[in-house]
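The structure under discussion appears below in the form of structure tokens.
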């Protein structure tokens, strides 16, 4: 049974509709305004809206960089991996919470680095903590 889609939510509001993000490609703009609450994968009790991205493992160490455009709201990521590429097979492999200043330079972004496996799909859930309003920002995956 496929999940229902609410046209008032961002298109990548659910894992099943994650946007592809290229390794060593440009930063992708994200917005989680009006999206559904995050999944709470080892996250703090107050979790806000989230949106989803996915990339394929390269067998190398990769960094996921995140920044947001609101210096009053904390944003963070949960990273999941799925050997089959399906969301229902995900399990939380790495969790990071960032308190990031507004986007400006890559050096200002919160960074998580992980060793990836070839043939494994990685899902990145970008979320806001402690608010239901959401915010906007940039996410990028690059070789570490």
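I'd like the residue in the stretch 104-134 that is touching a strand residue (DSSP E or B) at 6+ places or on another chain (Cβ under 7 Å), at pLDDT below 85 and assigned to a loop (DSSP other than H, G, I, E, B) and, out of all such residues, is nearest to residue 12 (Cα to Cα).
It comes out as 134.
Could you identify the single residue in 96, 101 that is over 28 Å from residue 7 (Cα atoms), modelled with pLDDT under 70 and either in contact with a helix residue (DSSP H, G or I) (Cβ under 7 Å, 6 or more places away or on another chain) or surrounded by 18 or more Cβ atoms within 10 Å (Cβ to Cβ) (or both)? Steps first, please.
Numbers: 96 fails: either in contact with a helix residue (DSSP H, G or I) (Cβ under 7 Å, 6 or more places away or on another chain) or surrounded by 18 or more Cβ atoms within 10 Å (Cβ to Cβ) (or both).
Answer to the check: 101.
Restricting the stretch 67-93 to residues that are modelled with pLDDT under 80 and assigned to a strand (DSSP E or B), which is surrounded by the most Cβ atoms within 10 Å (Cβ to Cβ)? Break it down stepwise before answering.
Here is the first cut: in the stretch 67-93, the residues modelled with pLDDT under 80 are 71-74, 88-93.
So of that shortlist, the ones also assigned to a strand (DSSP E or B) come out as 74, 91-93.
Details: 74: 21, 91: 9, 92: 16, 93: 16.
Per the stated criteria, the residue is 74.
The values are calculated or read from the model by the stated rules, or taken from the named source; none is laboratory data. None of these values were measured; they are calculated from a predicted model. No Cβ is skipped: glycine too gets one built from the backbone with ideal geometry, and neighbour counts run over all protein chains shown.
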